[in-house]
Amino acid sequence: MFDKAKMIAQAFKLKKAVEAEIIEYEEAGIIIKISGDQKIKFLSINGVENRILIEVINKALKKSQEAAAKKMKDMGGLDGLL
């Protein structure tokens, strides 16, 4: 039981560390900052930040992740791979 609690604590710590990681990329007047958990934190096009576009893209990414998780579950998950 202690090992399971320790593993959960480590997983939570890892999750927080991944979320805190921010990658910034700039090209052709576009600046984008994405967190390690694949959420867009900032988007600027020619110096103009676009919060609505950030929200829409993040919602689309979430739907994509949910669809992928469902597909994996429907196909038996990772049971056969480990």
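Values quoted throughout were computed directly from the atomic coordinates according to the rules given, and no laboratory measurement underlies them. Note that the structure is a prediction, hence the values are computed from the model and not measured. Here the Cβ positions follow ideal geometry from the backbone for every residue, glycine too, while neighbour counts run over all protein chains shown.
Any chance region 5-12 includes a residue that's more than 12 Å from the chain's Cα centre (by Cα), more than 20 Å from Gln65 (Cα to Cα) and loosely packed, with under 10 Cβ neighbours inside 10 Å?
Just the residues of region 5-12 that are more than 12 Å from the chain's Cα centre (by Cα), to begin with: 5-12.
From what is left, the residues that are more than 20 Å from Gln65 (Cα to Cα) are 5-10.
Checking the rest, the ones that are also loosely packed, with under 10 Cβ neighbours inside 10 Å come to 5.
Checked against the condition, which is being more than 12 Å from the chain's Cα centre (by Cα), more than 20 Å from Gln65 (Cα to Cα) and loosely packed, with under 10 Cβ neighbours inside 10 Å, region 5-12 yields at least one hit.
Only one residue in Ile40, Ile45, Ile34 is touching a helix residue (DSSP H, G or I) at 6+ places or on another chain (Cβ under 7 Å) and not hydroxyl-bearing (Ser, Thr, Tyr). Which one? Can you show your working first?
Values: Ile45 fails: touching a helix residue (DSSP H, G or I) at 6+ places or on another chain (Cβ under 7 Å); Ile34 fails: touching a helix residue (DSSP H, G or I) at 6+ places or on another chain (Cβ under 7 Å).
Result: Ile40 is the single residue among Ile40, Ile45, Ile34 that is touching a helix residue (DSSP H, G or I) at 6+ places or on another chain (Cβ under 7 Å) and not hydroxyl-bearing (Ser, Thr, Tyr).
Is it fair to say Gly36 is surrounded by 11 or more Cβ atoms within 10 Å (Cβ to Cβ) and within 23 Å of Asn58 (Cβ to Cβ)? When the stated conditions are applied, Gly36 passes them.
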